[in-house]
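For reference, the structure is listed below as structure tokens.
The values are calculated or read from the model by the stated rules, or taken from the named source; none is laboratory data. The shown structure was predicted, so the numbers you read here are calculated from the model rather than taken from an experiment. Counting neighbours? That spans all protein chains shown, and the Cβs are built from the backbone with ideal geometry, glycine included.
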Amino acid sequence: MTVDHSCAPVLEALVAYRREGRLSFTPPGHKQARGADPAVREVLGDAVFLGDVLATGGLDDRLTRDRVLQRAQELMADAVHADHTFFSTCGSSLSVKAAMLAVAGPHEKLLIGRDAHKSVVAGLILSGIEPVWVEPRWDAERHLAHPPSAEEFERAFTEHPDAKGALITSPTPYGASADLRAVAEVCHRRSAPLIVDEAWGAHLPFHPDLPSWAMDAGADICVTSIHKMGSGLEQGSVFHLRGDLVPPELLGMRADLLGTTSPSALIFAGLDGWRRQMALRGREIMGGALDLVAEVRSAVEEIDGMHVNDRDDFCGPGLAHGFDPLPVVIDLDGLGVSGYQAADWLREHRGIVAHLTDHRRIGAQVTHGDDRETTGELLSALKDLARAAPDLDAAPRVEVPSPSELRMPQVMLPRDAFFGRAEAVPLDRAAGRVSAEMITPYPPGIPAVLPGERLTEPVLRYLRSGLEAGMFLPDPSDPSLDTVRVVAEDDG
Ligand SMILES: Cc1ncc(COP(=O)(O)O)c(C=O)c1O
């Protein structure tokens, strides 16, 4: 069957809604902008309100007889070689939980790369799934985690043959990718499904020079944020399904537990439009982005004190399998400033907003949305930063633990530790206690501390020194980290 990718069912339904002058006596209450505060209309523009219509009963009729959303999802599935696609308007934070719930249930085991995003940990807390942590590949020199290898998953399955499946994050926010084909093979030898958190990989299916993407590598479920590397609106995410290890109706049912009953047609439209754009012109568009980012990378490398992490830094024996060049990760060690200082300086002095920041790096995400004008601004700002760096305060020292010191034993289920009796203890008395909360440097959003882990001095020192150096921690109960929430003594 040939599929017509020039259609965009959601966008077409929105056009029809306006053309036919439909008058709704349903939510949303702004009634096509008429009721919205003029000052809000001024800022947001009427297009936002005009596209904001009820999905079921607005975009489509009350029984969804036009299959508007279904048709858009089928087109997306075709574009990425999936059997089924589900749209989500609650980000990959929802999608990844739906995927986990479709593979394992309370007290069942799931193998998970420890470099997982905090939404995966939230999924563990809500579901009661027992994580079996799989070690990422650590670059001890650069203090960076790359996705775990297939051998690590093999070992974990051998030790936990009752595990229901596996979850891996690939690519990482730094652009390192896993050997997904090999990991899928390890899973499928046991008929266990593989979930890939491909939140950072919306663009991967559309150019052969990008790392292979989950559906083509044989994964069973793949979660993608279309708003991160694609043109979707914020919160626009999809999850794809392939093969027969997870029934589509089960995945749909589990996702239904988490989703909203009022999904945003605007977000659906963004997903639908991205698929059409990529299905029709993806190779050309992504090819342009790849050429542009290659120029950016060479130009940044020329700046004194900056080093762009490239394939040679990330890939090789014991490191990552593949590499996406679009996240431009810049090591500032030679400049003597931290990523936090650099990001603040770029925003304040040059109006440039950097993406990743850590104790020694900043990341600038280049996408198909950039051109020589935007990257020219970036490069000139980075040159100015290099000139300004000697006058900035010396980078505060962050006490980054070695890879082995970073890992703390998981002694309780995340759910039990999170919901059990807890108390706040001063940070300097927290070592040895069991955490009842997540503590996550953001970005990239990989929790340094999970509920149920027994806290250690090196990790606590890392977080305290990181906070003092400018690290952003959005989730601890005490944002100053004077205290940490731990499981009550007699429970831990
Ligand atoms: C690896 C990974 N997975 C999942 C998510 C959650 O995605 P979203 O922001 O779309 O909810 C993120 C967000 O940064 C992420 O980095």
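Before moving on, here are some points about what is shown:
- Any hit, segment 63-70, residues being part of a loop (DSSP other than H, G, I, E, B), more than 30 Å from Asp162 (Cα to Cα) and within 16 Å of the ligand (Cβ to nearest atom): no
- Criterion (in contact with a Leu (Cβ under 9 Å, 6 or more places away or on another chain), within 30 Å of Glu159 (Cα to Cα) and either surrounded by 20 or more Cβ atoms within 10 Å (Cβ to Cβ) or not polar (S, T, N, Q) (or both)) met by exactly one of Lys97, Lys109: Lys97
- Long-range neighbours under 6 Å by Cβ, at least six apart or interchain, first residue within 16 Å of Lys109 (Cα to Cα) and modelled with pLDDT of 95 or more within segment 191-202, second more than 8 Å from the ligand (Cβ to nearest atom) and part of a strand (DSSP E or B): Leu194/Ala166; Ile195/Leu167; Ile195/Ile221
- Whichever residue in segment 77-97 is away from the ligand (no atom under 12 Å from the Cβ) and outside any loop (DSSP other than H, G, I, E, B) and, among such residues, is farthest from the chain's Cα centre (by Cα): Asp78
- Taking the listed residues Ser92, Ser119, Ser149, the one that is closer than 27 Å to Ser402 by Cα and surrounded by 22 or more Cβ atoms within 10 Å (Cβ to Cβ) is Ser149, with no other qualifying.
- For segment 322-333, the count of residues that are in a helix (DSSP H, G or I) and either under 22 Å from Gly376 (Cβ atoms) or not hydrophobic (A, V, I, L, M, F, W, C) (or both) is at least one.
- Those helices (runs of 4 or more DSSP H) of segment 168-287 in which 1 or more residues are farther than 26 Å from Asn309 by Cβ and within 16 Å of the ligand (Cβ to nearest atom) occupy 248-258.
- Any hit, segment 134-149, residues being more than 26 Å from Asp358 (Cβ to Cβ), more than 14 Å from the ligand (Cβ to nearest atom) and modelled with pLDDT of 95 or more: no
- Test: Glu74 is modelled with pLDDT of 95 or more, surrounded by fewer than 21 Cβ atoms within 10 Å (Cβ to Cβ), part of a helix (DSSP H, G or I) and over 31 Å from the mean Cα position of the chain (by Cα): no
- Gln32 being in a loop (DSSP other than H, G, I, E, B) and of a type in the set (S, T, N, Q): yes
- Cross-chain or 6+ apart pairs with Cβ under 6 Å, segment 77-105 first and on the phi > 0 side of the Ramachandran plot, then of a type in the set (A, V, I, L, M) and more than 8 Å from the ligand (Cβ to nearest atom): His81/Met215
- On the stretch given as segment 428-460, residues that are over 23 Å from Pro173 (Cα atoms) and either touching a His at 6+ places or on another chain (Cβ under 6 Å) or in a strand (DSSP E or B) (or both) total 4.
- Only residues that are in contact with a Pro (Cβ under 9 Å, 6 or more places away or on another chain) and outside any helix (DSSP H, G or I) were counted in segment 37-55, giving 4.
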